[in-house]
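**Student:** Below are the structure tokens for one structure; questions will follow.
The values are calculated or read from the model by the stated rules, or taken from the named source; none is laboratory data. Just so it is clear, the model here is predicted, and its values are computed rather than measured. We place every Cβ from the backbone using ideal geometry, glycine too, and count neighbours over all the protein chains shown.
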Amino acid sequence: MSGVTRWLLLTMAFAAIAHLGSVWAAPYLLMRVATERLQMGGEVRVNTMQQPDRVTEAARAVVRPSPDLAYSICTFDLSQGPLHLRAAAWDDYMSLSVFAANSDVVFVRNDRQSAGAIEITLALDGQRAPEGREVVISPSQTGIALVRRLAPDQARFNAATVAAAGDICAPAS
Amino acid sequence: MTLRFLGSAVLMGLVLGVGAAVLIVGRLATFSDSSYSGWHGNELAGQAAADIYTRAAIARTGLLALTREETLYFTRYADADGVALNERCSYLLEGTDPPARWWSVTLYAADNYLARNGDGAASMDQTRVVRAEGGRFRIWVAAAADREPNWISSRNAGDFSLTLRLYNPEPGLLEDVHSLRPPVIRTVSCAAGEA
């Protein structure tokens, strides 16, 4: 085998590894970027439910936001233990969803599937969770929890903001 | 094997491999998705079963998308004749309520965010749309409000796309998503000198 052939084969092998590695890593990277944007440079703490302003053209944290939904967002880190997640009741479409570090949906439930508030304990496998709430195991230590409420106009958004005051993302006790 | 030999192969491999990833994932939003009457969607969104290409493409253009049982997402980049959507043209989007609990159509600029135009008319949804007799609706998608009561602004959007969200789709639709009859978008006119 000539030197040129060996170089080409080696290059193609490295190209394949780099290609598959970067495609695999892309969702992790994009979730990391979104998390940092949502934390606004450390202004918003991890494991805290925040209510961003109504989605307008100024919203640049997460791609393709819906201006018809009111969001509550928690960037979570389970390294210190399980978390209590709660989406307070809403009189229209509402859901609580949890996304792993690779962007996969770990959990989603909406208001039709759960009367009143939606509450879970989010934990890593092997962590001891307090009794009394449904436990959802996260495959990753970090991720994003999201509450969506249908609020297509300012009046509904204002009402959703009031409801969102009852949302929780905090250490489970 | 010299260090130079190995180093050049690694460097070239990285450039080729990462470059191909950027190109492929960048195009996958329209390349790997299924077409539902011209609206692109991927029923594997959010699922652990998604392959790495699907997961990467969805993370790029629809991060934090829900799974299909909760929400179906469709995006279209071209009119009914296959011509790319652009702010220089005016369009009519016509249809009836899709079989879902709630739906919306939202316009996004090429950067996947709402167009910066100050119009506050980035979307139309089931609760606000004005319907004609028989339940059909017509949405004017253009840079300026005009003859239709329903308007989505494309001002300052450049090449844009429309995303149709179907929250809590009905079981019959989930059984066969291709049975969906999504809204149809037709070009009405374009600014002088443009196609």
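**Student:** Determine, yes or no, whether B:GLY26 is within 15 Å of the chain's Cα centre (by Cα), of a type outside the set (Asp, Glu), assigned to a helix (DSSP H, G or I) and within 22 Å of A:MET12 (Cα to Cα).
**Tutor:** Numbers: within 15 Å of the chain's Cα centre (by Cα): yes; of a type outside the set (Asp, Glu): yes; assigned to a helix (DSSP H, G or I): yes; within 22 Å of A:MET12 (Cα to Cα): yes.
Judged against the criteria, B:GLY26 is a match.
**Student:** Give the number of residues within the stretch A:136-168 that are loosely packed, with under 15 Cβ neighbours inside 10 Å and not in a loop (DSSP other than H, G, I, E, B).
**Tutor:** Step one: of the stretch A:136-168, the residues loosely packed, with under 15 Cβ neighbours inside 10 Å are A:139, A:141, A:153-155, A:158, A:162, A:165-166.
Subsequent filtering for residues that are not in a loop (DSSP other than H, G, I, E, B) retains A:154-155, A:158, A:162.
Qualifying residue count, the stretch A:136-168: 4.
**Student:** Based on what the data block shows, is B:TRP103 within 11 Å of chain A (Cβ to nearest Cβ), touching a residue at least 60 places away in the same chain (Cβ under 8 Å) and in contact with a strand residue (DSSP E or B) (Cβ under 8 Å, 6 or more places away or on another chain)? Step through it out loud before you land on a result.
**Tutor:** On the way: within 11 Å of chain A (Cβ to nearest Cβ): yes; touching a residue at least 60 places away in the same chain (Cβ under 8 Å): yes; in contact with a strand residue (DSSP E or B) (Cβ under 8 Å, 6 or more places away or on another chain): yes.
Here the answer is yes, as B:TRP103 does meet what is asked.
**Student:** State yes or no: is A:SER79 surrounded by 21 or more Cβ atoms within 10 Å (Cβ to Cβ) and farther than 25 Å from B:PRO169 by Cα? Before the answer, list the steps.
**Tutor:** Details: surrounded by 21 or more Cβ atoms within 10 Å (Cβ to Cβ): no; farther than 25 Å from B:PRO169 by Cα: yes.
Answer is no for this residue.
**Student:** Is the stretch A:108-115 home to any residue that is surrounded by 21 or more Cβ atoms within 10 Å (Cβ to Cβ) and more than 9 Å from every other protein chain (Cβ to nearest Cβ)?
**Tutor:** Step one: list which residues in the stretch A:108-115 are surrounded by 21 or more Cβ atoms within 10 Å (Cβ to Cβ), which gives A:110-111.
Imposing the further condition that a residue be more than 9 Å from every other protein chain (Cβ to nearest Cβ) reduces the set to A:111.
Yes, that holds for at least one residue.
**Student:** Going by the conditions given, is A:ASN158 under 30 Å from B:ALA122 (Cβ atoms) and without any contact (Cβ under 8 Å) to a residue 12 or more places away in the chain?
**Tutor:** Numbers: under 30 Å from B:ALA122 (Cβ atoms): yes; without any contact (Cβ under 8 Å) to a residue 12 or more places away in the chain: yes.
When the stated conditions are applied, A:ASN158 passes them.
**Student:** Would you be able to tell me the number of residues in the stretch A:89-128 that are of a type in the set (A, V, I, L, M, F, W, C) and either within 19 Å of B:ALA45 (Cβ to Cβ) or part of a loop (DSSP other than H, G, I, E, B) (or both)? It would help to see each step written out before you state the result.
**Tutor:** The first filter runs over the stretch A:89-128 and keeps only residues of a type in the set (A, V, I, L, M, F, W, C), leaving A:89-90, A:94, A:96, A:98-101, A:105-108, A:115, A:117-118, A:120, A:122-124.
In the following step, the residues that additionally are either within 19 Å of B:ALA45 (Cβ to Cβ) or part of a loop (DSSP other than H, G, I, E, B) (or both) were identified as A:89-90, A:96, A:98-101, A:105-108, A:115, A:117.
The number of residues fulfilling the criteria is 13.
**Student:** So, in the stretch B:81-112, of the ones that are small (Gly, Ala, Ser) and touching a Gly at 6+ places or on another chain (Cβ under 7 Å), which residue ends up modelled with the highest pLDDT? Lay out the reasoning, then the answer.
**Tutor:** Narrowing the stretch B:81-112 to residues small (Gly, Ala, Ser): B:82, B:84, B:90, B:95, B:100, B:104, B:109-110.
Among the residues that remain, those that are also touching a Gly at 6+ places or on another chain (Cβ under 7 Å) are: B:109-110.
Numbers: B:ALA109: 96, B:ALA110: 92.
Restricting to residues being small (Gly, Ala, Ser) and touching a Gly at 6+ places or on another chain (Cβ under 7 Å), the top hit is B:ALA109.
**Student:** Here is a further query. Write out, first by first residue and then by second, each pair whose Cβ atoms fall under 6 Å of each other, whose residues are 6+ apart or on separate chains, and whose first residue, in the stretch A:23-40, is touching a residue at least 60 places away in the same chain (Cβ under 8 Å) while the second is surrounded by 14 or more Cβ atoms within 10 Å (Cβ to Cβ) and in a helix (DSSP H, G or I).
**Tutor:** A:PRO27/B:ARG55; A:PRO27/B:ALA56; A:PRO27/B:ALA59; A:LEU30/B:ALA59
**Student:** Search the stretch B:39-52 for residues that are on the phi > 0 side of the Ramachandran plot and pair each with any residue that is assigned to a strand (DSSP E or B) and not aromatic (Phe, Trp, Tyr) when their beta-carbon atoms are under 7 Å apart and the residues are at least 6 apart or on different chains.
**Tutor:** Pairs that qualify, where the first residue is on the phi > 0 side of the Ramachandran plot and the partner is assigned to a strand (DSSP E or B) and not aromatic (Phe, Trp, Tyr), are B:GLY46/A:VAL105.
**Student:** Looking at (1) among the basic types (Lys, Arg); (2) facing chain B (nearest Cβ under 7 Å); (3) in contact (Cβ under 8 Å) with a residue 60 or more places away in the chain, which is the one condition that is false for A:ARG60?
**Tutor:** (3) is the only condition that A:ARG60 fails.
**Student:** May I ask you to verify whether A:ARG86 is within 13 Å of chain B (Cβ to nearest Cβ), in a strand (DSSP E or B) and more than 30 Å from B:ASP111 (Cβ to Cβ)?
**Tutor:** Working: within 13 Å of chain B (Cβ to nearest Cβ): no; in a strand (DSSP E or B): yes; more than 30 Å from B:ASP111 (Cβ to Cβ): yes.
No: the conditions fail for A:ARG86.
**Student:** Another one. Could you figure out which of (1) within 11 Å of another protein chain (Cβ to nearest Cβ); (2) within 22 Å of B:ALA59 (Cβ to Cβ); (3) buried (at least 20 other Cβ atoms within 10 Å of the Cβ) isn't true of A:THR11?
**Tutor:** (2)
**Student:** What's the total number of residues in the stretch A:21-30 that are facing chain B (nearest Cβ under 7 Å) and over 21 Å from the mean Cα position of the chain (by Cα)?
**Tutor:** Looking only at the stretch A:21-30, we keep the residues that are facing chain B (nearest Cβ under 7 Å), and these are A:22-24, A:26-27, A:30.
Then drop every residue that is not over 21 Å from the mean Cα position of the chain (by Cα), which leaves A:22.
Count: 1.
**Student:** Among the numbered conditions (1) of a type in the set (D, E, K, R); (2) facing chain A (nearest Cβ under 10 Å); (3) within 17 Å of the chain's Cα centre (by Cα), tell me where B:ASP79 comes up short.
**Tutor:** It fails just one condition, (2).
**Student:** Of the numbered conditions (1) within 13 Å of chain B (Cβ to nearest Cβ); (2) of a type in the set (A, V, I, L, M); (3) surrounded by 15 or more Cβ atoms within 10 Å (Cβ to Cβ); (4) within 16 Å of the chain's Cα centre (by Cα), A:VAL33 satisfies every one except a single condition; which is it?
**Tutor:** Going through (1) within 13 Å of chain B (Cβ to nearest Cβ); (2) of a type in the set (A, V, I, L, M); (3) surrounded by 15 or more Cβ atoms within 10 Å (Cβ to Cβ); (4) within 16 Å of the chain's Cα centre (by Cα) one by one, A:VAL33 breaks only (3).
**Student:** Looking at the stretch B:51-157, what strands (runs of 3 or more DSSP E) fall wholly within it and have at least 1 residues that are surrounded by 22 or more Cβ atoms within 10 Å (Cβ to Cβ) and polar (S, T, N, Q)? Break it down into steps so the answer makes sense when it comes.
**Tutor:** On the way: elements: B:71-76, B:89-95, B:100-109, B:123-125, B:137-142, B:150-153.
Here the list reads B:71-76, B:100-109, B:123-125, B:150-153.
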